[in-house]
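Working notes, beginning with the structure itself.
Every read-out reported here was derived from the displayed coordinates using simple, explicitly stated rules and does not represent laboratory data. These numbers come from a predicted model, not from an experiment. Note: ideal-geometry Cβ built from the backbone for every residue, glycine included; neighbour counts use all protein chains shown.
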Amino acid sequence: MPLAYQQGSPGANAQATKDGNGYKFSGTATGMNPSNPMAGMVSKPFEVDVTCP
C-alpha cells in the first residue's frame with residue numbers, strides 16, 4: 001500500500017530530530033488501499049533512524 005506524507009494533509013504529521021550524527025524521522029503517513037479504494041484514507045505510523053558517518 002503506497003503511503004505518503006504531505007504537509008497539511010488531514011491525519012498526516014511528521015517530525016525530525018537530530019542527536020549527534022543521528023537523525024530520526026517519525027510521524028503518520030496517509031494513503032489509499034489500491035485493492036479497496038472505496039474504504040477511504042488509511043493512516044500508518046512510520047519511523048526512520050539514520051546515522052551519518
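Highest GNM mean-square fluctuation, the chain, Cα pairs closer than 10 Å: which of 40, 11, 27?
Evaluated over the chain, the most mobile residue of the options is 40.
Return the label of the correct value of Cα extents along the principal axes in Å, as calculated from the structure shown, out of (1) 33, 25, 17; (2) 44, 21, 12; (3) 30, 22, 17.
(2)
Once the other residues with Cβ under 15 Å from the Cβ of residue 29 are scored (Lys, Arg +1; Asp, Glu -1), what is the net sum? Numbers along the way, then the final one.
On the way: positive: 44; negative: 47.
Result for the local shell: 0.
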